[in-house]
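K.L.:
Pasting a structure here, questions to come.
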Amino acid sequence: MGRRVLVDADACPVKDEVYRVAWRHGVPVTVVSNQRLRVPDHPLVSRVVVGDAFDAADDWIAEAAAPGAVVVTADILLADRVLKAGAAALAPTGKPFTTSSIGAAVATRAIMADLRAGGDVVGGPPPFGKADRSRFLQALDELLVRLGRA
């Protein structure tokens, strides 16, 4: 299938950055969402609208994930699925999900969900900032370069 970027797009804050980096590398981008989103009119960009069924976008992305693909998502469970399919997973903050880190991330997610369900007030992630955007640009660029050499 070759290099490509799949974007879990409904709440993704770095879509414009994905386009810029992917275009520079000549890599196609598929934007997957539950609702119709605006995407650039560009031959390397395609849009998939999956409907509003629970996890429909995640299921589509997990099915399409394969070696050579980079999946941009903040969803830890989706990252786990795409890593198992041989794809790379990158958070919008630029933090890569890896096979060695995903187990701990899934466990932490479960603990936090239990705390919230029990009524404990826990803070969410820190606000998304310029440093996150910069880190994401660099991480996506490095990933695409590495995949291009493979």
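K.L.:
I'd like to verify a number: residues in segment 1-26 that are crowded, with 23+ Cβ neighbours inside 10 Å and in contact with a Ser or Thr (Cβ under 6 Å, 6 or more places away or on another chain), how many?
P.N.:
Adding up the residues that qualify gives 3.
K.L.:
Can you run down the residue pairs with Cβ atoms below 6 Å, 6 or more apart or on separate chains, where the first is in segment 131-150 and farther than 17 Å from Thr98 by Cβ and surrounded by 13 or more Cβ atoms within 10 Å (Cβ to Cβ) and the partner is among the aliphatic types (A, V, I, L, M) and at pLDDT 95 or above?
P.N.:
Going by the 6 Å Cβ cut-off, the qualifying pairs are Asp141/Val21.
K.L.:
Then there is this: Given segment 1-101, what strands (runs of 3 or more DSSP E) lie entirely inside it while holding 2 or more residues that are within 21 Å of Asp132 (Cβ to Cβ)? If you could, list the steps in order and put the result at the bottom.
P.N.:
Values: elements: 4-8, 29-33, 45-49, 69-72, 88-90.
Counting at least 2 such residues, we get 4-8, 29-33, 69-72, 88-90.
The values are calculated or read from the model by the stated rules, or taken from the named source; none is laboratory data. Small disclaimer: the values here were computed from a predicted structure and weren't measured. Positions of Cβ are backbone-derived with ideal geometry, glycine not excepted, and every protein chain shown enters the neighbour counts.
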